[in-house]
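What follows is a short report on a single structure.
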Amino acid sequence: MADELKDENDKLKKENELLRNRLIELELKVQEQKESTSSPKLKDLPEINETTNLNIVVFGGGSFGTALATIAARKGHKVIILVRDENQAKSINEENINPKREW
């Protein structure tokens, strides 16, 4: 009985070792595949200098957002200000005046 248990134990140890080796093989194979299928190369960003016109969106039409949008617009950039108040947006679009500005 003891010999049978020892033989069974040895058999299970060998199976366990084979499974560990197979797992290591598969992990190495997955790692190699990840390395060989690298992500696509991104395009280089265009060069931006003082003459480049940008599309700028400013979130909020408070004093800081208005000042930021004004400076960008005066530099020739296309600017959109996103505000919550419909009357404020209408005033900015029609009269070029922000009625909620604090300055």
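The values are calculated or read from the model by the stated rules, or taken from the named source; none is laboratory data. These numbers come from a predicted model, not from an experiment. All Cβ positions, glycine included, derive from the backbone under ideal geometry; neighbour counts span all protein chains shown. What goes into the accessible areas is simple: the full protein's heavy atoms, side chains included, and nothing from ligands, DNA or RNA. Shrake-Rupley method; radii C 1.70, N 1.55, O 1.52, S 1.80 Å.
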> Can you tell me which residue in the stretch 35-65 is farthest from ASN87 (Cα to Cα), limited to those that are of a type outside the set (Phe, Trp, Tyr) and in contact with a helix residue (DSSP H, G or I) (Cβ under 8 Å, 6 or more places away or on another chain)?
Replying inline: LEU54
> Can you find a residue in the stretch 47-69 that is part of a helix (DSSP H, G or I), open to solvent by 70 Å² or more (accessible area, probe 1.4 Å) and at pLDDT 90 or above?
Replying inline: yes
> What pairs can you find where one residue is in the stretch 33-57 and in contact (Cβ under 8 Å) with a residue 24 or more places away in the chain, the other is surrounded by fewer than 10 Cβ atoms within 10 Å (Cβ to Cβ), and their Cβ atoms are less than 8 Å apart, with a gap of 6+ or different chains?
Replying inline: LEU54/ILE48
